[in-house]
Amino acid sequence: MTDLPELYFRVRDNGAAVFRINTENRERRIEMDQIAVVNTNRGDFKAQGDHKLSPDDETVINDWMQARLAVLAARDVDDIHRAIDHLNLTAQWAQAKASDDQLEQITDDLLMAMHDLRSVLVRKKADRLSKG
C-alpha cells in the first residue's frame, strides 16, 4: 500500500472539511477523523470539536488553502475564456443557423446581459487607466 497523507481535504462549497487519516488499528482499515473546517471565502480555518491543531497541521492546512485558492482563481479565468468562446459561437449561430422565432426568444435577454457586461468592463477599464 502507498503511503497515505496525514490529512485529507474533502472539498465542499467555500472550503473543505479536514480529516486526519489513521491506519494504525487492528484491522488496518483507513479511519478518517474530522479535525477542522476550512473557509476559503474568509481565508481561515478552525478546529472541529475538541481537536487541537498542531503547528504542522496548521501549516499543511494553510498550504492547502493557498493552493486551493490558486486553483479556483485559475478556474475563474478559464470560465471567462469559455464564455468568450460561447459568445463567438452564439454570434455564429445567430448569423448562420438561428430562426426568427429562436432569435425572438433570446435577443432582448442577451442584449441586456451584453449591455450590462459592457458597462462593467468599460467602467473597470477606465478605473485601471486612471490609476496607471
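The values are calculated or read from the model by the stated rules, or taken from the named source; none is laboratory data. Computed from a predicted structure; not experimentally measured. Heads up, the Cβs are rebuilt from the backbone with ideal geometry, glycines too, and the neighbour counts pull from every protein chain shown.
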**OP:** Look through ALA98, ALA67 and report the one residue that is surrounded by 10 or more Cβ atoms within 10 Å (Cβ to Cβ) and closer than 21 Å to ASP44 by Cα.
**Re:** ALA67
Original post:
When you go through HIS81, HIS51, HIS86 one by one, which is the residue that is at pLDDT below 95 and not hydroxyl-bearing (Ser, Thr, Tyr)?
Top reply: HIS51
**OP:** Starting from residues that are among the small types (Gly, Ala, Ser) and surrounded by 14 or more Cβ atoms within 10 Å (Cβ to Cβ), keep the ones in segment 20-52 and report whichever is nearest to VAL71 (Cα to Cα).
**Re:** ALA36
**OP:** Scan segment 6-14 and give yes if some residue there is touching a His at 6+ places or on another chain (Cβ under 9 Å), free of Cβ contacts under 8 Å to residues at least 40 places away in the same chain and surrounded by 12 or more Cβ atoms within 10 Å (Cβ to Cβ), otherwise no.
**Re:** no
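Confirm whether THR59 is more than 15 Å from TYR8 (Cα to Cα), among the hydroxyl-bearing types (Ser, Thr, Tyr) and surrounded by 10 or more Cβ atoms within 10 Å (Cβ to Cβ).
Details: more than 15 Å from TYR8 (Cα to Cα): no; among the hydroxyl-bearing types (Ser, Thr, Tyr): yes; surrounded by 10 or more Cβ atoms within 10 Å (Cβ to Cβ): yes.
It is false that THR59 is more than 15 Å from TYR8 (Cα to Cα), among the hydroxyl-bearing types (Ser, Thr, Tyr) and surrounded by 10 or more Cβ atoms within 10 Å (Cβ to Cβ).
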Subject >> Complete set of residues in segment 15-30 that are touching a strand residue (DSSP E or B) at 6+ places or on another chain (Cβ under 6 Å) and of a type outside the set (D, E, K, R) >> reply: GLY15, ALA16, ALA17, VAL18, PHE19, ILE21, ASN22
Subject >> Test: VAL122 is surrounded by 10 or more Cβ atoms within 10 Å (Cβ to Cβ) and in contact (Cβ under 8 Å) with a residue 12 or more places away in the chain >> reply: no
